[in-house]
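Following: one structure in structure tokens, then a few remarks.
Derivation of every value follows stated rules applied to the coordinates shown; laboratory data play no part. No experiment lies behind these values; they were computed from the predicted model shown. As a convention, Cβ positions derive from the backbone with ideal geometry for all residues, glycine included, and neighbour counts pool all protein chains shown.
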């Protein structure tokens, strides 16, 4: 199912954070026969269809992950899989949906709660089989139009050697342009020396490391918060501090990190606070950093946003080369098929060279769209 790439395509709008809707057979058809009964599967309930996944207490519905463009009274958590828009699982349909929104390319992430269930599963054999099956399916999807899709392969986290092996296996597949990490390769939420094998591979190959919202080891559950999705940036500053003070960027100065769906208006405040604490404590603690923490932040981290008017107005304190527009399609946060209308309103008064970087140029640099 290959689609010839278009050399020299002009990119005006690239979403740094789009999503797939995994088809019901993505795991059961690709894992070893002995694991098919354990593989994630879509089950029909009275309320609608939902994923049933090993280790997850509640069925995971997907309506809010596939409702972009629907009237508000039709947006709901429970629905039937055959009712959702096809582009989440069919690349041919996805191209039509992108064209309707005038989006030239999209970076593609898994559905968060599905990927988290795989990331958090402690069974090494199961974990690796499910990661590989997803990555194989994603590569097949992206191979249809590799100049328009940027697949992000899931990183295994049951040992750095597995993370390195999987990255080396998939990074040359058509359309796979990066990796997304759910927790550190060693299997914990703390950086360990073995993780350098993985960070070093990414730095050597010029591959951007993506983190979607946050890292975590817990199994997903049904949304029960009064306002799901609020405060998506809370975890990101902690990961920034961890990586800086672990010396990751001193050892691998070429490494780029992208935080998807965290916005960026908070970044100037965090830089100020980290530097303030660092300069007070370093004379006693002797952290041994080569630069101020804010300088690492300004060189290595990037941020994806859907709506952040405050951030756009204060972009100079972040750096326009660090900011990437995202549509979150086909999730509820997407403005499909009216993304340009929202962009024009939010970017009023922004010079064209800065706007072009945030809308396409930065994504081209980080993920190699040419």
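Miscellaneous remarks
- Remark: the stretch 224-316 projects, on average over all directions, an area of 7.2 nm² (convex hull of Cα atoms).
- Viscosity 1.002 mPa s, temperature 20 °C, Stokes-Einstein D of the stretch 116-198 from Kirkwood C-alpha radius, µm²/s: 167 µm²/s
- Evaluated over the Cα positions of the stretch 165-218, the convex hull gives a direction-averaged projected area, one quarter of its surface, of 4.1 nm².
- As an equivalent ellipsoid, the stretch 1-121 spans semi-axes of 28, 19, 13 angstrom, where each value is the square root of five times an eigenvalue of the C-alpha gyration tensor, largest first.
- Remark: relative contact order (the stretch 14-367) = 19 percent; criterion is Cα-Cα distance under 8 angstrom and separation of 6 or more residues.
- Counting neighbouring Cβ atoms within 10 Å and putting the fewest first, the residues 272, 321 line up as 272, 321.
- Order of 75, 107 - criterion: other Cβ atoms within 10 Å of each residue's Cβ, fewest first: 75, 107
- As a proxy for reagent exposure, ranking 131, 31, 43 by other Cβ atoms within 10 Å from fewest up yields 43, 31, 131.
- Counting DSSP beta bridges with both ends in the chain, the antiparallel % (nearest 5): 20 percent
- For the peptides 123-129, 346-352, 187-193, the ranking by packing is 123-129, 187-193, 346-352, with the highest mean count of neighbouring Cβ atoms within 10 Å listed first.
- Spacing of the two label points (7 Å from each Cα toward its C-beta) at residue 299 and residue 287, in nm: 1.4 nm
- Taken along its principal axes, the alpha carbon cloud of the chain reaches lengths of 62, 48, 46 Å, longest axis first.
- The calculated 222 nm mean residue ellipticity attributable to helices in the chain amounts to -9500 deg cm²/dmol, summing -39500 (n - 2.57) over DSSP H runs of n ≥ 4 and dividing by all residues.
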